[in-house]
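Okay, structure first, notes after.
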Amino acid sequence: MTAPVSLSRLNHWFGTYQALDDINLEIAAGEYVTLLGPSGCGKTTLLSVLGGFIAPSEGSVMIGGRDMTRVVPAKRPTTTMFQDYALFPHMSLRENVGFGLRMAGMGRAERDRKAEAQLSLVGLGDDAGKRPHELSGGQRQRVALARALAVEPDVLLLDEPLGALDLKLRRAMQDELKAIQRHVGTTFVHVTHDQEEAMAIADRIVVMNAGRIEDEGTPARIYRQPASLFAADFMGEMNHIPVHVTEHGVETPFGRLQLPAPRRGAATLCLRPEAIGTTDAQITLGPARVRDAAFFGTHIRAHLVPDAAPDLVLIAHLPPVDMPAPDDVLVISAAADTISVFAKEP
Amino acid sequence: MMRLLPWMYLAVAFVFIYLPVATLVLFSFQDGQLPVPPFNGPSLRWYGDVLGDSRLTAALINSVLVALGASLIAVTLGFLAAYGLARHVLPGSALIRALLIAPLTVSYLIVGLGLLIVLTQAGLGLSLVTAGIGHVVINLPLAFAIIFAAMGAQQQNAERAARDLGANEMQVILLVTVPMLAPAIGAAFFLSMTFSWDEFIISFLLTRFDVTLPVEIWSMLRSGLSPRLNAIGSLVFLVSIAVVLTLELFVFRKRRS
Amino acid sequence: MTTTGQRAQGWGFVAPALLWTFAFFIVPFIVMGAMSLATLDGRTLIWGLSFQNYAELAEKRFLWRAIVVSLEITLTVTVVSVVLAYPLAWIIAFNVPKRWQRLALLLAILPFWTSYVVRSYAWLLVLARDGVVNQTMLNLGLIAEPLTLANTRFATVTGFVHFFVMLLTLTIYANLVQLSPNYRRAAQDLGASAFQTFRHVILPLTLPGIVTGAFLTFVLCIGDYVTPQILGGNTELTVPQVIMVQLGRRADFPLAAALAIVLMGIVTVAYLAAARWLRLDRI
């Protein structure tokens, strides 16, 4: 049970506020896609449009080749796993998971059997008689997943499904979600504001901002070569270095660099903290004075003031071996393929 | 001394609160014509007298019927209105809410008087039905307010999930909304029953031949103090607190655990 | 997202309650307003736009007096009830151990469930000339002659206060326990005495609850017929009693309607006076 989704030229306004701005997106059958962005970026609105809870002002939603733009949620081949799970508190887990099958007119014996099978899939096979309030947060999340999957939807929509869980459990559930998705083969569309979650789980990430799609692609591609400054910043910590693009190349405080660059004029050069190192790389940044450094386990996070640009403070993630002291001087450099340059917004 | 003060206040307050009730119950066992000291007895003659009084038992049955009918209508209408207002965007919904709550801010006497004037002008007779109509007027705002306040985002999300899983509007209401709101609906019904059961002035103004229990007690009162009144008052009290304690012990306690 | 169909469906849900309220509350209310402007010629009713009934209120001393009596009784009851209930709610909330609080509260409001008519009657027994209070005091030698307690304003006020102390204890208690104990701790931590904590922290925080309870007391008290009729005797009448007299003896519906309108006017004024602190949505 899986289907491709095709969104074309979606626009939506809440009053005068434009929540979706010309969204075009193709999702393949069986793909795991995350919609990533800050709150208010339109990702939840887009999910609601997919689920049928909001009819878009303009544009169309095709699921499995059929136009679903104005079809009510009950009649769509989609189910939603809600942020607060929306489990029915007065029903047992079995009744919760079997609810959609009951609505479809399935007899009790068969739907109980199916519901229990679904519960087993998420590791709660022995708890079918319990009520939602007897469960932990992580268990509730699994029931919500089982309930949404029980009706065998073509597309499963997940609205910040892991938002209420603590960090450790969230990481464990990410792996589990991914495994279940591989097992059932359903198309998953997952909304989150956590870029680590998006990277951990998605085949493809769609970065959204102000109702628009800023970038879409594999996690590695978006992290390494983001399509926009917004996407670059949202995917993780980033150093911004003001530069100037001329016909000869990119003029930086560290000299002229030959990099793929946008149109001429003022621009921003983006450099990930972990790209900065003390070992020799293509681009030399020269000596830099350590302002402070902190131990993070996997790396040492240091603030560095390069001699070539004393107004600049660079954040660097250094290998967790030697702890530099304040005022130490390090000679730093960066790899060329980790750098992106974006034109300044006019 | 300062540490004892609160407990002394508590004791005095409880004496004040229980003085009339204790007097009422004690002298319902009076063996004599007057429910005042000295106490002779105990005797159950007034209870026998009261239970054998067909007018009183008829009034009691009338009261139960009016309370049940008025509460069922008030809770049903209140629930539907709350659902409509909480789940649908309606123009002027603030005004509708204010209108539905309005009878709560007006004395029962005025509600009863207004209805009495209309009914007499329209030439319609007074009966238990007209009293019941008045009771719905005063109970509807309460039922609506209680149920409306209970309609939170949690139910709304559950209803959305149910629709997503293929439930139609009727199934959503019966299988999700009503069961989830059962505590609020129950509370509204219970409160409505209590108010209706105890209501005097509207019943007094709007009934004629068949009357409710408070009205019957009122007419007994005209003939002065009597242990009969003590007996019927004690019985009503006993039944009421039995209901309250049962609810407290079995319904509300269970809900909290 | 709201379609016309959904909106129509929403109206469908609201309509029954709205129609009921309209037919049996709004319409009677309008008719009552019209009635207050009608006059009575012998026993025939003459509809019109006369303010004769309202003029009578100012002219006839017993009508004017009823309004004053009602206001005096209601204000006394409201103030006394709040003053007595607050400490009781406080003690239950802060002196009674947690596990006994619910029981204490339940006991404090249990007589609430005596029938309303019977409750006033029970006070009549207590306060009667040969009732419990007089007999006890005579036996203790505190008084030589029985006091006249029943059929007085004192009796009316006592009956009312008994009822409203229970109601207010419940609402004020609910207010007190929902305050975070950290307010008290913080105030005391910053050097406030117990009284200062109460005066500057707890009282302002519970004021909306108190005003709401007091307003409720005012409204229920001023519109009540039963308590003054049973306990107050016939020396002075309240507005509801006068209304009932007009209905019964003289069938003077226009004057009764005018009095009802005045009663509503008083409640409206009280509402406006209290509006700043009222939280009617929290009742």
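What 222 nm value per residue comes from the helices of the protein assembly as shown, counting each DSSP H run with n ≥ 4 as -39,500 (n - 2.57) and dividing by all residues, nearest 500 deg cm²/dmol?
-16500 deg cm²/dmol
Give me the inter-chain shielding for B:219-228: mean count of other chain Cβ atoms within 10 Å, whole number please.
Mean shielding by partner chains, rounded to a whole number: 2.
As a test of understanding, state the convex hull volume per residue of the protein assembly as shown from its alpha carbons, in Å³.
249
For the peptides B:61-73, A:114-126, B:44-56, what is the packing order when you average, over each peptide's residues, the other Cβ atoms within 10 Å and list the highest mean first?
Top of the packing list down: B:61-73, A:114-126, B:44-56.
Just want to confirm a number: the relative contact order over segment C:61-282, from Cα pairs under 8 angstrom separated by 6+ residues, in percent.
Computed over segment C:61-282, the figure is 29 percent.
In sequence order, what are the phi-derived ³J(HN,Hα) couplings for segment A:321-327 according to the Karplus relation 6.51 cos²θ - 1.76 cosθ + 1.60 with θ = phi - 60°, rounded to whole Hz, with x for glycine and proline?
Coupling constants for segment A:321-327: 10, 9, 7, x, 8, x, 6 Hz.
Please state the charge dipole magnitude for chain A, taken about the Cα centre, from unit charges on C-beta atoms (+1 on K and R, -1 on D and E), reported in debye and rounded to the nearest 20.
1200
Any idea what log10 I(q)/I(0) is at q = 0.06, 0.11, 0.12 Å⁻¹ for chain C, Debye with uniform C-alpha scatterers and no solvent?
-0.29, -0.86, -0.97
Using all C-alpha to C-alpha distances in segment A:146-197, build P(r) with 5 Å bins and read off the rounded percent in each one.
4, 18, 31, 26, 15, 5
Taking 8 Å as the Cα distance limit and 6 or more residues as the minimum spacing, I'd like the relative contact order of chain A as a percentage.
16
Can you give the relative contact order of chain B as a percent, counting alpha carbon pairs under 8 Å and 6+ residues apart?
Relative contact order comes out at 32 percent.
Can you give me the Rg/Rh ratio for segment A:5-230, using Cα atoms for both radii and the Kirkwood formula for Rh?
Rg/Rh: 0.97.
Which of the three applies to segment A:237-343, rounded, prolate or oblate, going by the alpha-carbon gyration tensor with a ≥ b ≥ c and a/c under 1.5 meaning rounded?
Judged from the Cα gyration tensor, segment A:237-343 comes out prolate (a/c at least 1.5, a/b above b/c).
Counting only other chains, what is the mean number of Cβ atoms within 10 angstrom of the Cβ of each residue in peptide A:52-59?
1
Please work out whether segment C:127-283 counts as rounded, prolate or oblate from its C-alpha gyration tensor, where a ≥ b ≥ c are the square roots of the eigenvalues and a/c under 1.5 means rounded, while otherwise a/b larger than b/c means prolate and anything else oblate?
oblate
Which net charge results for the neighbourhood of B:I173, defined as the other residues with beta-carbon distances under 13 angstrom from its beta-carbon, given Lys and Arg at +1 and Asp and Glu at -1?
Here the charged neighbours net out to 0.
What is the total of Lys pairs in chain A with C-alpha atoms under 30 Å apart, excluding same-chain pairs fewer than 8 positions apart?
The result is 12.
Within a Cβ distance under 10 Å of A:E197, other residues only, what is the Lys/Arg minus Asp/Glu net charge?
Neighbour charge sum, excluding A:E197 itself: -1.
Counting other beta carbons within 10 Å of each Cβ, put C:W100, B:W218 in order, fewest first.
Fewest to most other Cβ atoms nearby, the residues stand as C:W100, B:W218.
Tell me which chymotrypsin sites (Phe, Trp or Tyr not before Pro) from segment A:291-346 have a DSSP coil assignment and no more than 12 other beta carbons within 10 Å of their own.
Loop-located and lightly packed - A:F296.
Say a paramagnetic label sat at a point 7 Å from the Cα of C:N95, along Cα to Cβ; which residues of segment B:11-30 have their backbone N under 16 Å from it?
Answer for segment B:11-30: B:11-17.
Could you size up the charge dipole of the protein assembly as shown around its Cα centre, putting +1 on the beta carbon of Lys and Arg and -1 on that of Asp and Glu, and report it in debye to the nearest 20?
2240
Could you sort B:194-207, C:55-68, B:121-134 so that the peptide with the highest average Cβ count within 10 Å comes first and the rest follow in order?
B:194-207, B:121-134, C:55-68
Determine ³J(HN,Hα), in whole Hz, for all residues of segment B:67-82 in sequence, where each value follows from phi through the Karplus function 6.51 cos²θ - 1.76 cosθ + 1.60 and θ = phi - 60°; x replaces Gly and Pro.
With the stated coefficients, segment B:67-82 comes to 4, 4, x, 5, 5, 4, 5, 4, 5, 5, 5, x, 4, 4, 5, 4 Hz.
We did not get these values from a lab; they are worked out from the coordinates using the rules stated. Just so it is clear, the structure is predicted and the values come from calculations on it, not from any experiment. Here the Cβ is made from the backbone with ideal geometry for all residues, glycine too, and neighbour counts use every protein chain on show.
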